[in-house]
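The structure under discussion appears below in the form of structure tokens.
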Amino acid sequence: MDLELSPEDQKFRQEVREFLSTHLTDTLRVGQLRTTAMYPDPDVSGPWQHLLNQRGWLVPLWPVEWGGTGWTAFQRFIFETECALAGAPLVHPMGVRLVGPVLLKFGTDAQKREHLPRILSGQDYWCQGFSEPNAGSDLAALQLRADRDGEDYVLNGSKIWTTHAHFANRMFALVRTSNAGRRQDGISFLLIDMSLPGVGVRPIHTIGGDHDVNEVHFDNVRVPVSQRVGEENAGWEYAKYLLEFERGAGIFSPRLRSQLKRVASVLPSTGSGDGLLHKAFGDLNADLDAFEWLEARSMASLAPGSSPGPVASVLKLRASRLKQAIGALGQRALGRSGLRWHSESPFSDATQPQNMSLVPEYCNSRAFTIFGGAAEIQLGLIAKSYA
Ligand SMILES: Cc1cc2nc3c(=O)[nH]c(=O)nc-3n(C[C@H](O)[C@H](O)[C@H](O)COP(=O)(O)OP(=O)(O)OC[C@H]3O[C@@H](n4cnc5c(N)ncnc54)[C@H](O)[C@@H]3O)c2cc1C
């Protein structure tokens, strides 16, 4: 997408470029390039997050008084685009983009003072405890019990698919505090210290070859009532607010654009006879152009402190399908050599995009139409909200 930049935005873009050329090291770039799962591990995202925080650029969506940048939506788009083009690591979203906005809107002053500075400094690394073995798409079926005992809740049960729980020292979780009435009306939103006695984390290895997700078990874990966000049994409201950020507050198109560029580098030259590949590439380019406009437009209406609304589902669905389609085109273009795994790469410099194996990324991208609410669930939400 070619955009006319105002002189002010050109100056801003220049500032971002200078920051990137000074601070983005090759180690960080290669760390991101080698990340085939959703998010880089904390040894890659952590140092980058620290640099952004020092510069005051870590939490564009937060109000300025809590560390927000005060950028316009378009400046945020410029920032994300430049970061993607330069190959900067993705920031781990659980603290800055998910629980942060929930605390800002629904947390007490004491909770904000306790948790927000530690998200910014990176002292706390958060994970999301929503899904359970029998509660994924049907999240309201969740059963992790939190029984009140004096000034504590006592937790028993388990969570599953918890991304980076093995790194996290904090979890925000949905727990069942009542079985009366509608299922949604018995859920509370808790902040949990992962080092508490009775918390156990077990790895799940995925087809992409990564250890990204986990099971988390709770055996009589005592969580202070002061770590509940908002009202008891009103957690469903806060979760819906958070999910809008999970689905619609990221900026996906610049990263999809760089992925498409990497695929372009492995396409056979035009005139080599495989016109279908070039047609598919053209179609994807056009789809991505349309997605960029949609994303830019919806972002323009996302002021700090507001949530994305139902368009979040459209963005999540389109971004995840594009991600998979681009990966699939890369595989087709590489043909048999596309079946190579990283470790078997015969290339001397596996950090060069054209030399990278696309298989782990392709396998991992299956997850994009599942996490954050499966594609079918997004379609249902879209149908409801636009009916
Ligand atoms: C890589 C990865 C990371 C994840 N990270 C986290 C995390 O950090 N924290 C967390 O809490 N969760 C996480 N999840 C879990 C994720 O949110 C769930 O997997 C997702 O909500 C789907 O739930 P499920 O796996 O139980 O599948 P199910 O709900 O059993 O769905 C199975 C299939 O049935 C379809 N289906 C279900 N209901 C309907 C319906 N009503 N109409 C039409 N089709 C339907 C689904 O679309 C899907 O195709 C992660 C998942 C993955 C894959």
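The values are calculated or read from the model by the stated rules, or taken from the named source; none is laboratory data. Predicted, not measured: the structure shown is a model, and the values here were computed from it. Quick reminder, even Gly has a Cβ in these numbers, built from the backbone with ideal geometry, and neighbours come from all protein chains shown. Note: areas computed on protein heavy atoms with side chains; ligands, DNA, RNA excluded. Shrake-Rupley method; radii C 1.70, N 1.55, O 1.52, S 1.80 Å.
May I ask you to work out the translational diffusion coefficient for region 188-231 at 25 °C, viscosity 0.890 mPa s, via Stokes-Einstein with Rh from the Kirkwood sum over Cα pairs, reported in whole µm²/s?
Estimated via Stokes-Einstein, D reaches 199 µm²/s.
Quick one: which residues, 5+ away or cross-chain, put their amide H under 5 Å from the amide H of Tyr153? H built at 1.01 Å from N.
Those lying under 5 Å, H to H, from Tyr153 are Val223, Val225.
Please report, in whole Å, how far the alpha carbons of region 111-207 spread along each principal axis, starting with the longest.
Taking the Cα atoms of region 111-207, the three principal extents are 41, 41, 23 Å.
Using only DSSP helix segments of four residues or longer, with each worth -39500 (n - 2.57), what per-residue ellipticity at 222 nm results for the chain after dividing by its residue count and rounding to 500?
So the calculated ellipticity at 222 nm is -14000 deg cm²/dmol.
Choose one of Phe172, Leu256, Val223: the residue whose Cα lies farthest towards the positive end of the charge dipole of the chain (beta-carbon charges +1 Lys, Arg; -1 Asp, Glu; about the Cα centre).
Comparing the listed Cα positions along the dipole, Leu256 ranks first.
List, in order, the whole-Hz ³J(HN,Hα) value for each residue of region 25-34 obtained from phi through the Karplus relation with A = 6.51, B = -1.76, C = 1.60 and θ = phi - 60°; use x for Gly and Pro.
Listing the rounded values in order: 7, 4, 4, 5, 4, 5, x, 5, 4, 7 Hz.
Over the Cα atoms of region 88-138, Rg to Rh with Kirkwood Rh, two decimal places?
1.06
How do Trp48, Trp236 rank by accessible surface area computed with a 1.4 Å probe, from largest to smallest?
My answer, sorted largest first, is Trp236, Trp48.
Would you mind listing how long region 7-91 runs along its three principal axes, going by Cα atoms, in whole Å with the largest first?
35, 27, 21
Rounded to the nearest Å, what's the spacing between the alpha carbon centres of region 105-172 and region 212-257? Just the number, please.
Cα centroid to Cα centroid, the span is 7 Å.
May I have the extent of the alpha carbons of the chain along their three principal axes, as whole Å values ordered from largest to smallest?
Principal extents (largest minus smallest coordinate, Cα): 74, 47, 46 Å.
Between Pro42, Ser385, Leu52, whose Cα lies farthest towards the positive end of the dipole of the chain when Lys and Arg beta carbons carry +1 and Asp and Glu beta carbons carry -1, centred on the Cα centre?
Ser385
Can you tell me the relative contact order of region 63-219? Whole percent, Cα pairs under 8 Å, sequence separation 6 or more.
Details: 232 pairs, mean separation 28.0, N = 157.
Answer for region 63-219 is 18 percent.
Given the protein chains as shown and a 1.4 Å probe, how many square angstrom of Tyr241 are accessible, to the nearest 10?
30
How do Glu4, Glu246 rank by accessible surface area computed with a 1.4 Å probe, from largest to smallest?
Reading off the accessible areas and sorting them downward yields Glu4, Glu246.
Mind jotting down the distance between the C-alpha centroids of region 187-203 and region 1-32, whole Å?
Result: 38 Å between the Cα centres.
Give me the percent relative contact order of the chain, please, defined on Cα pairs under 8 angstrom at least 6 residues apart.
It rounds to 16 percent for the chain.
In whole Hz and in residue order, list the ³J(HN,Hα) couplings for region 316-326 that follow from phi through the Karplus curve 6.51 cos²θ - 1.76 cosθ + 1.60, θ = phi - 60°; x for Gly and Pro.
The phi angles translate into 4, 5, 5, 4, 6, 5, 5, 4, 5, 5, 5 Hz.
Just by accessible area at a 1.4 angstrom probe, what is the order of Cys363, Cys127 from largest to smallest?
Reading off the accessible areas and sorting them downward yields Cys363, Cys127.
For a quick check: with amide H placed at 1.01 Å from N, whose amide H comes under 5 Å from Arg170's, ignoring anything fewer than 5 positions away on the same chain?
Tyr125, Cys127, Met194
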